[in-house]
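The values are calculated or read from the model by the stated rules, or taken from the named source; none is laboratory data. Owing to the predicted nature of the structure, the values given are computational and were not obtained by experimental measurement. Glycine also receives a Cβ, built like all others from the backbone with ideal geometry; neighbour counts cover every protein chain displayed.
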Amino acid sequence: MVRNGRVTVDKVFVRGKILTPAGLVEGGVAVEKGKIVAIASDAHLPHAGTVVDLKGKIVLPGIVDNHVHFVSTRHEPEGEDFESGTKAAASGGITTISDMPTGTPWISNAKLLEEKKKYAEKSAYIDFALYGGAGSQNVNALQEMVDAGAIAFKTYMVSSNEYPSCGEDGKILELLKVAAKTGVITAWHAENVLLIDPLVEELKSAGRVDPMAHVESRPNYTEYEAISKLIIFNRIAKARLHIVHLSTKEGLQLVQAAKAEGMHITAETCPHYLLLNSKYMRKAGPYAKIIPPLRSEEDRLALWNGLLSGTIDYVCSDHAPHTKMSKDAGWKNIWLAGNGNPGVETMVPLMLDQVNKGTISLQQMVYNLSTRPAQVFGLFPKKGAIMVGADADLTVVDLDLEWVIKAENMYSKSRDTTLYEGWKIKGKPILTVVRGEVVAENGEVIGKMGYGRFQKRVI
């Protein structure tokens with residue numbers, strides 16, 4: 001925009017170190033109407049009404065978390081909701097989330113998706129996309145959910161009276177075929193309940209209520225058998241298949257082979273599978289009760305190799321919060337504890353810490369936490385990139401900052417159940433910018449509730 005004879009924009013972010021494919025470049029970003037309009041050295045940036053000094057810190061494209069559960073208990077005052085969840089995400093350096101269809105009601109048609117969208121628009125501090133739930137019970141509703149803006153479908157292979165699911169062979173193939181016609185990602189929680197349930201009953205009959213019983217109830221084969229079935233059927237259906245929270249070395253090998261044969265298949269994993277193994281259950285007990293469970297050290301190392309080699313596409317939090325009361329019940333009986341753990345406030349710091357430890361490069365981390373999740377879900381280059389025309393979503397980090405994770409400083413309503421209490425970390429997001437607006441600074445959320453916008457696929 002030209003004002004008083006000179007080019008002027010809404011805002012410029014100056015004195016940053018911008019991460020590019022070639023490395024870090026000193027300079028800044030100019031923003032007009034929420035979009036990036038220039039990337040240049042400070043001297044060549046246009047004038048602006050507002051100037052934000054980044055003080056030499058590193059500027060990354062906004063982090064994209066494609067797997068959160070923000071409204072699993074939205075009708076309970078103590079449960080996570082879009083307000084607390086997106087505040088937690090903003091504090092943790094995340095600029096866009098994709099929320100799962102879980103909750104009451106489960107999002108199984110276009111009307112329910114629209115209702116959830118309206119609810120989220122009133123509460124969100126950052127941008128958001130929504131999954132539609134897909135199962136054998138609502139296979140005819142998939143296209144209408146895509147038309148209403150669903151970013152992807154989520155399917156559980158476990159049976160439930162609470163939400164649509166799909167575990168029978170013929171119905172899995174049918175659902176994959178219908179999903180293929182829509183052109184959007186069909187994401188599957190790959191575990192075979194027919195293998196899991198007998199193990200659970202056997203352990204319960206033996207009086208096992210200790211935390212390790214949970215791990216033993218879901219051995220590796222309960223995941224990779226389910227993944228193998230999906231791959232076999234998708235050779236016929238040719239859907240855009242996605243495996244959520246991949247946790248086993250065998251499952252990784254199956255995904256790698258399917259990619260090699262040309263299948264459109266993607267996969268994600270989570271920080272807890274990359275940083276922890278099943279022995280952590282003995283320390284954290286029910287707080288570490290997640291599904292799939294924490295795996296062996298061999299699995300953990302294999303997942304790192306899979307991420308660095310490109311077999312695993314991206315990292316997400318799988319933020320699945322439960323109340324402290326729900327989790328604490330598992331100290332006496334692990335079967336009573338909820339499955340899941342909060343993760344949006346710790347994902348970015350934990351991965352920055354791994355950058356400092358030399359496990360992963362900063363460029364690779366950004367690819368796996370920003371660029372690639374945006375690409376997989378059809379949001380790139382609007383999201384996941386620092387380029388002219390993209391949304392001005394930035395995650396500014398201090399790679400040298402040493403600090404300790406403390407639940408008392410978090411926003412999630414489930415903060416007291418974090419797996420990482422007391423962890424010493426090096427590296428932290430210090431500024432979260434969504435469409436040019438600073439929504440969090442030094443961990444404090446300063447944005448406005450309702451600022452977040454609903455995101456649809458751009459490709």
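The residue that is surrounded by the fewest Cβ atoms within 10 Å (Cβ to Cβ), counting only those in region 389-413 that are touching a Pro at 6+ places or on another chain (Cβ under 6 Å) and in a loop (DSSP other than H, G, I, E, B), is A390. None of S136, S160, S165 is of a type in the set (S, T, Y) and either crowded, with 19+ Cβ neighbours inside 10 Å or at pLDDT 95 or above (or both) except S165. Exactly one residue out of K283, K279, K289, K324 is basic (K, R), touching a strand residue (DSSP E or B) at 6+ places or on another chain (Cβ under 9 Å) and more than 15 Å from Q354 (Cα to Cα): that is K289.
Applying the set (1) assigned to a strand (DSSP E or B); (2) out of contact with any helix residue (DSSP H, G or I) (no Cβ under 6 Å at 6 or more places or on another chain); (3) among the β-branched types (V, I, T) to I386 leaves exactly one unmet item: (1). Of all the residues in region 223-238, those that are surrounded by 18 or more Cβ atoms within 10 Å (Cβ to Cβ) and either within 17 Å of A180 (Cα to Cα) or among the aliphatic types (A, V, I, L, M) (or both) number 8.
Among all residues of region 5-13, there is at least one that is surrounded by fewer than 16 Cβ atoms within 10 Å (Cβ to Cβ) and in a loop (DSSP other than H, G, I, E, B). I'd like the full set of residues that are of a type outside the set (A, V, I, L, M, F, W, C), under 19 Å from V215 (Cβ atoms) and in a loop (DSSP other than H, G, I, E, B), limited to region 312-331. Correct list: D318, H322.
Among residues belonging to region 332-373 that are outside any loop (DSSP other than H, G, I, E, B) and touching a Lys or Arg at 6+ places or on another chain (Cβ under 6 Å), point out the one that is surrounded by the fewest Cβ atoms within 10 Å (Cβ to Cβ). Give the derivation first.
As a first pass, look at region 332-373 and keep what is outside any loop (DSSP other than H, G, I, E, B): 334-336, 341, 347-356, 362-373.
Subset that is touching a Lys or Arg at 6+ places or on another chain (Cβ under 6 Å): 349, 353, 356.
Details: P349: 24, D353: 22, N356: 15.
In this case the residue turns out to be N356.
Of the numbered criteria (1) surrounded by fewer than 22 Cβ atoms within 10 Å (Cβ to Cβ); (2) under 26 Å from K33 (Cβ atoms); (3) touching an Asp or Glu at 6+ places or on another chain (Cβ under 7 Å), the one K383 fails is (1).
What number of residues in region 4-23 are at pLDDT 95 or above and closer than 16 Å to A385 by Cβ? Steps first, answer last, please.
Taking region 4-23 as the starting set, the residues that turn out to be at pLDDT 95 or above are 9-19.
Adding the requirement that they be closer than 16 Å to A385 by Cβ leaves 13, 16, 18-19.
The number of residues fulfilling the criteria is 4.
Of the residues making up region 274-311, those that are charged (D, E, K, R) and assigned to a helix (DSSP H, G or I) number 6.
From the set of residues in region 173-232 that are part of a loop (DSSP other than H, G, I, E, B) and in contact with a strand residue (DSSP E or B) (Cβ under 9 Å, 6 or more places away or on another chain), which is farthest from A329 (Cα to Cα)?
Restricting attention to region 173-232, the residues satisfying the condition of being part of a loop (DSSP other than H, G, I, E, B) are 183-184, 190-192, 206-210, 217-219.
Next, from what is left, pick out any that are in contact with a strand residue (DSSP E or B) (Cβ under 9 Å, 6 or more places away or on another chain): 183-184, 190-191.
Working: G183: 42, V184: 39, A190: 27, E191: 24 Å.
Across region 173-232, the extreme among qualifying residues is G183.
Any residue at all in region 78-100 that's among the hydrophobic types (A, V, I, L, M, F, W, C), in a loop (DSSP other than H, G, I, E, B), touching a residue at least 40 places away in the same chain (Cβ under 8 Å) and over 26 Å from G447 (Cα atoms)? No, region 78-100 has no match at all. Return the residues of region 46-71 that are part of a loop (DSSP other than H, G, I, E, B), surrounded by 14 or more Cβ atoms within 10 Å (Cβ to Cβ) and among the small types (G, A, S); say none if nothing qualifies. Once the filter is applied, which keeps residues that are part of a loop (DSSP other than H, G, I, E, B), surrounded by 14 or more Cβ atoms within 10 Å (Cβ to Cβ) and among the small types (G, A, S), region 46-71 yields only G62. Among the conditions (1) within 21 Å of K357 (Cα to Cα); (2) surrounded by 22 or more Cβ atoms within 10 Å (Cβ to Cβ), the only one that R300 does not satisfy is (2).
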